[in-house]
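Notes for the one structure printed next.
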Amino acid sequence: MDSRVNSWSPSIEFGIPEIDDQHRELFELAASFRGHGDEIRVMKALAILCDYAKIHLREEEELLTRIGYPDIEAHRQAHSQFRSMLRHLLQDARSLTLDQVADRVEALINGWFYNHIVRVDKLYIPMVIAYKAYQARPRETRPLGRAKPVLPATDPTPE
Ligand SMILES: [Fe+2]
């Protein structure tokens with residue numbers, strides 16, 4: 001895993017507000033840990049961050065199900081890994097210093113989650129865009145026999 005710490009920036013937006021807004025919100029929540037507050041506030045913030053992350057992952061998986069994304073199982077597995085890391089952080093938090101909690105949050109959101117967005121989430125984006133374009137068409141103009149758009153080929157075989 002790439003352990004570099006990356007901040008949110010508009011360059012990691014996909015142009016899909018329901019996804020982009022949740023991604024940005026997670027980075028904003030994570031940024032609130034550094035140098036702030038007492039133990040009770042940090043534990044509350046951690047619970048909010050974990051709940052929000054779980055909601056985001058669930059909604060993203062629901063979206064991938066809706067569009068018939070073919071690699072959904074691999075994506076779900078990546079999310080499971082993230083959920084497990086969040087669970088461990090919640091379990092460990094009481095025995096960590098506030099700075100250590102901030103470090104762990106940073107590693108999760110600015111490290112793991114950032115890389116997930118730019119390397120893994122980006123793979124489903126063309127299909128979401130195609131799905132939204134399809135849904136935006138009047139019903140009578142949609143191609144027959146195609147309930148869902150297909151994923152554009154990313155690696156065309158040369159002829
Ligand atoms: Fe994802």
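The values are calculated or read from the model by the stated rules, or taken from the named source; none is laboratory data. Please read all numbers here as calculations on a predicted model, not as lab measurements. Counting neighbours? That spans all protein chains shown, and the Cβs are built from the backbone with ideal geometry, glycine included.
Some observations on this one:
Each row is one residue, and each column tells you yes or no for (1) out of contact with any strand residue (DSSP E or B) (no Cβ under 6 Å at 6 or more places or on another chain); (2) more than 17 Å from Thr97 (Cα to Cα); (3) free of Cβ contacts under 8 Å to residues at least 12 places away in the same chain; (4) not in a loop (DSSP other than H, G, I, E, B).
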| site | (1), (2), (3), (4) |
| --- | --- |
| Gly15 | yes, yes, no, no |
| Asp20 | yes, yes, yes, yes |
| Glu28 | yes, yes, no, yes |
| Gly35 | yes, no, no, no |
| Arg41 | yes, no, yes, yes |
| Ala45 | yes, no, no, yes |
| Thr65 | yes, yes, yes, yes |
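- From the options Glu25, Glu59, residue that is within 22 Å of His79 (Cβ to Cβ) and surrounded by fewer than 15 Cβ atoms within 10 Å (Cβ to Cβ): Glu59
- Residue count for the stretch 105-128 under the criterion of being hydrophobic (A, V, I, L, M, F, W, C) and more than 10 Å from the ligand (Cβ to nearest atom): the result is 9.
- The single condition among (1) at pLDDT below 85; (2) surrounded by 10 or more Cβ atoms within 10 Å (Cβ to Cβ) that Arg119 does not satisfy is (1).
- Here the stretch 57-97 is the region considered, the condition is being over 23 Å from Lys44 (Cβ atoms) and among the small types (Gly, Ala, Ser), and the residue that is nearest to the ligand (Cβ to nearest atom) is Ala78.
- Qualifying residue in the stretch 127-149 (condition: assigned to a helix (DSSP H, G or I), aromatic (Phe, Trp, Tyr), surrounded by 13 or more Cβ atoms within 10 Å (Cβ to Cβ) and modelled with pLDDT under 95): yes
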